[in-house]
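So the structure is just underneath, and the comments pick up after that.
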Amino acid sequence: VYRDPPNEKGQCWITWQCSHAGQCEWNGRQSSLEDRTEALPDFMENTIQTSLKASSELPKTHEGHTLWWYKSIDGEPLYAVMRKDMGTGKNYYPVSLQENGQTVQLPHWPRIEGFYGQENLASADKVLVVEGEKAADAAQRLFPKTAVITWRGGAGNLSTAPWHIIKNKIVYLWPYNDRPGQQAMDKIASLIDDCSVYLVSTHAFQEGQDLADNLEPEQVQSALK
């Protein structure tokens, strides 16, 4: 259980989650806005400590789960996203890098805006926006000269990303082939200014299929055309 700082009304967002080995309705994170918080632990500040600069040195896993590292524009690691499959669905957790090079799971998400892959924005004329870190890694391998980025938290968290930092680029939006994916990219298109923006056609793919699903080169080229 943890709490955010009180708002102007003295209320706090309380978040909790069951982490026992079995499966239950509380495996996913739960949140509520509460007035009474005196019995809860004090708010824990996110002190994110980094010492490793090179991506090749960053830990790739935490407790056996894959880590996706978010970095600053200058390439400094900020925090990682870790995914756990709890049996009741996918759950995502923030992980910090400590001064000793070890990783630790944070109690709540750090208040740091940014994109996964944003360290490549400055050196690229073209930007490819995908949904999810796994898809971003796959796309970056396919398009090494393009800055491939994604935002944290999926289709429901578009507003948390700093779309205003993407300027004077050619931007391609690659949606999941489903209605939420298409709607997410349509929304992103409306949030990006001062760029040429293209929506990639994924209608020929299977529902929910994306760049992490080992697409054939011909499929990728056809979608881009």
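Some observations on this one:
- Over 32 Å (Cα to Cα) - which of Lys60/Lys145; Lys9/Lys84; Lys9/Lys60; Lys84/Lys225; Lys187/Lys225; Lys145/Lys187 fall in this group: Lys9/Lys84; Lys9/Lys60; Lys84/Lys225
- Taking every alpha-carbon pair under 8 Å whose residues sit at least 6 apart, region 70-225 reaches a relative contact order of 17 percent.
- Computed label-point distance, nm, for sites Lys145 and Lys60 using a 7 Å Cα→Cβ extension: 2.8
- Across region 161-225, the mean sequence separation of Cα contacts (distance under 8 Å, 6 or more residues apart), normalised by length, yields a relative contact order of 38 percent.
- Mean separation of Cα contacts under 8 Å, 6 or more apart, over the residue count of region 100-163: relative contact order %: 36
- Per residue accessible area of region 76-225, 1.4 Å probe, in Å²: 51
- As a fraction of the 1.4 Å probe accessible area of region 75-144, surface on carbon and sulfur atoms comes out at 45 percent.
- Each Lys and Arg contributes +1 and each Asp and Glu -1, all at the Cβ; summed about the Cα centre of region 95-225, the dipole is approximately 240 debye.
- Each Lys or Arg adds one and each Asp or Glu takes one away; over the other residues whose Cβ falls under 15 Å from the Cβ of Pro144, this sums to 0.
- Aspartates and glutamates with Cα under 17 Å of Lys169, excluding same-chain neighbours fewer than 8 positions away: Glu119, Asp125, Asp193, Asp194
- Sites Thr160 and Glu76, calculated FRET efficiency, Cβ-Cβ separation with R0 22 Å, nearest 0.05: 0.65
- Chain lengthening between Tyr92 and Leu33 when straightened (0.36 nm per residue, less Cα-Cα): 19.1 nm
- Rounded to the nearest 10 Å², the accessible area of Ile14 at probe 1.4 Å: 10
- Net +/- balance of residues flanking Thr160 in space, Cβ distance below 13 Å, scoring K and R +1, D and E -1: +2
The values are calculated or read from the model by the stated rules, or taken from the named source; none is laboratory data. Bear in mind the structure is a predicted one, so any value in this text is a computation, not a measurement. FYI the Cβ positions are ideal-geometry reconstructions off the backbone, even for glycines, and counts take in every protein chain you see. For the accessible areas, the whole protein counts, side chains as well, though only heavy atoms, and no ligand, DNA or RNA atoms are used. Shrake-Rupley method; radii C 1.70, N 1.55, O 1.52, S 1.80 Å.
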